[in-house]
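Report on the structure given below.
The values are calculated or read from the model by the stated rules, or taken from the named source; none is laboratory data. Remember, predicted model here, so these are calculated numbers, not experimental data. Ideal geometry is used to build each Cβ from the backbone, glycine not excepted, and the neighbour counts take in all protein chains shown.
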Amino acid sequence: MYSEKLENLINHALADGVLTGKEKQVLLRNAEAEGIDPDEFEMVLEARLYEKTNKKAKDKNYDKFESLIEEIKSSFPINGLIATKKGGVFDNFHNKITGRQAYLDYKEAKQLKTDSEAKYKECSEKTAEIQRGLNQSIEEYGRRKLETLKRTLGVFLSYLQRMEQKYKESYYELMDGCDFPKAYVVELGQLNMNNNELLKTAITTGGFTYAAVAGVPTAVMAGVTAIGAASTGTSISLLSGAAKINAIMAWLGGGTLAAGGGGIAAGTVVLAGITYTVTGVVAIAATGLMASSIMAKKLTQAQTYSSEVEIACEKMETSWVAMDGIKQRVNELMDITMNVYDKCIIQLSYLEPIVADFNTQSKEHVLIFQKTALLVKSMSELAKTPLFGDDMNLSKDSEAIVTKTRKILNTEL
Amino acid sequence: MNKHVDKLINQGVDLGIQQLQGHINPVNTFNELLTLYKDVSVTIETEKTKRVQIIAEKEAKIETIRAQRDFFMEYLKKTFDERSTNFSKLFEVIDDALENNNIQQLALGLDSLNKLAAESPFKVIADINMLQNALENKTEFEF
């Protein structure tokens, strides 16, 4: 800034951190000789003096601080050793005071959160996949149930109509003789009608699933019409197998999260705030300590969340077992239905040629009719069979579904 | 290190240094620091204890859930195996009745078939309380 000579003079004068009057006079004289404005020079001089004295004070404080740290180190001996060893008291102290503990806790909390979210996602996706597969099986069973009933009961009833036209008055006597009372024929007629209605509307109304879960209704009520009419909306969701399955899952405990259980939701909310923010930074050590305290709590929250996820995933795994059980039930009913259906089709093929000339006195004719009638009756009973028995005491939610469904159908499931 | 935490700690370091530069009595600072350190240590230890408790409770719950699941799996396996055997036997009866024109046997076979089909395989575990009681009392179920 100034000449080398003047700079040297300034450094010498300020070397002890004090500027005497004489030193100041000499410096001003030399500055004026070099053509420097004395006021400006005096200002620069004061600034340099301040800088010099302040640095000294700083160095002095640093020395004291360093000695304090050494004092702390020597104050925490463990088994005669200075506790600077990793994991020792000073190490812990150091971790907390510098914020390293906070960082470690933060890192662990974040990892827990990430791992938990990944695990929950994986479990949820698998649950959804299993549920989709189960629903497909249920729907397929419902479809088969309706179609096979149409091909058996529908055809059988058409034969009965032809026989009724032929025998008129004596028709019901014939039916009674074959252990097929009039009331039952009427009931089967209604069953067939409902079955046909369900078949017509099943694709758009979820009727297949309904038929599988609840069974084909027999009562002469607005139930089937309601199913058909409600192509969208709440009533269909109530009738769907998924709703009932969800209720069963809730009963088992696996579906509570899917149904909005508080565990994960609460955990997510808590951890949304895991991003660390501290506004009131006071000093180096206090910052580290405060961070350590906050992050310790965050880590606890993360642990809570992680535990909730683990429990939820265990419950979901239980729901997989439950859904597997339901699938076995679907397969069981499907196998039985198809087995009886095959036998029924064979018997109908024997009955069909003799319908026009049916002879009540013919043992062979009566035998064929009885066999067919019994198999059709069995098919009808199977069609009415719900996937889950009435004895299955489900959760309050599922009871509500059943109640609402009954209301819609105005019949017993 | 996370940038955010790093930045905050650096800010703290800078401010701390500023305060140390002639504004703080090092001895007082040290004493205050130790007090704060003690408080934070208590918090950290408390939180550690909480975490240990959370993990212990979680493990206990998981153990119960797994026990329920194992029971459920075992029950379903045995139930469906038994039902499958019974259905097979009933179809043998039905086939035999159809072949031998035995209407009574056919009626009986089909009736039994329908009754067994209508019987829910889940009925025994319908009441979760019963399941829990069974587990708590270590009841052995006969299938």
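Which of the residues spanning segment B:60-84 are surrounded by 13 or more Cβ atoms within 10 Å (Cβ to Cβ) and within 24 Å of A:Y305 (Cβ to Cβ)?
Result: B:K61, B:I62, B:T64, B:I65, B:R66, B:Q68, B:R69.
Pick out the one residue from A:S137, A:S116, A:S124 that is surrounded by 14 or more Cβ atoms within 10 Å (Cβ to Cβ), part of a helix (DSSP H, G or I) and in contact with a Gly (Cβ under 9 Å, 6 or more places away or on another chain).
Values: A:S137 fails: in contact with a Gly (Cβ under 9 Å, 6 or more places away or on another chain); A:S124 fails: in contact with a Gly (Cβ under 9 Å, 6 or more places away or on another chain).
Among A:S137, A:S116, A:S124, only A:S116 is surrounded by 14 or more Cβ atoms within 10 Å (Cβ to Cβ), part of a helix (DSSP H, G or I) and in contact with a Gly (Cβ under 9 Å, 6 or more places away or on another chain).
Yes or no: A:M193 surrounded by fewer than 17 Cβ atoms within 10 Å (Cβ to Cβ) and over 32 Å from the mean Cα position of the chain (by Cα)?
Working: surrounded by fewer than 17 Cβ atoms within 10 Å (Cβ to Cβ): yes; over 32 Å from the mean Cα position of the chain (by Cα): yes.
Answer is yes for this residue.
Hey, among A:R329, A:R406, which residue is modelled with pLDDT of 85 or more and of a type outside the set (A, V, I, L, M, F, W, C)?
Working: A:R406 fails: modelled with pLDDT of 85 or more.
Selected residue: A:R329, the only one of A:R329, A:R406 that is modelled with pLDDT of 85 or more and of a type outside the set (A, V, I, L, M, F, W, C).
Collect the residues in segment A:309-340 that are more than 8 Å from chain B (Cβ to nearest Cβ) and of a type in the set (D, E, K, R), keeping them in residue-number order.
A:K327
Evaluate segment A:167-181: report whether one residue or more is within 23 Å of A:K377 (Cα to Cα), of a type in the set (D, E) and modelled with pLDDT of 80 or more.
No.
Residues B:V27, B:V93, B:V42, B:V52: which one is out of contact with any Gly (no Cβ under 7 Å at 6 or more places or on another chain), in a helix (DSSP H, G or I) and either facing chain A (nearest Cβ under 7 Å) or modelled with pLDDT of 90 or more (or both)?
Exactly one of B:V27, B:V93, B:V42, B:V52 is out of contact with any Gly (no Cβ under 7 Å at 6 or more places or on another chain), in a helix (DSSP H, G or I) and either facing chain A (nearest Cβ under 7 Å) or modelled with pLDDT of 90 or more (or both), namely B:V52.
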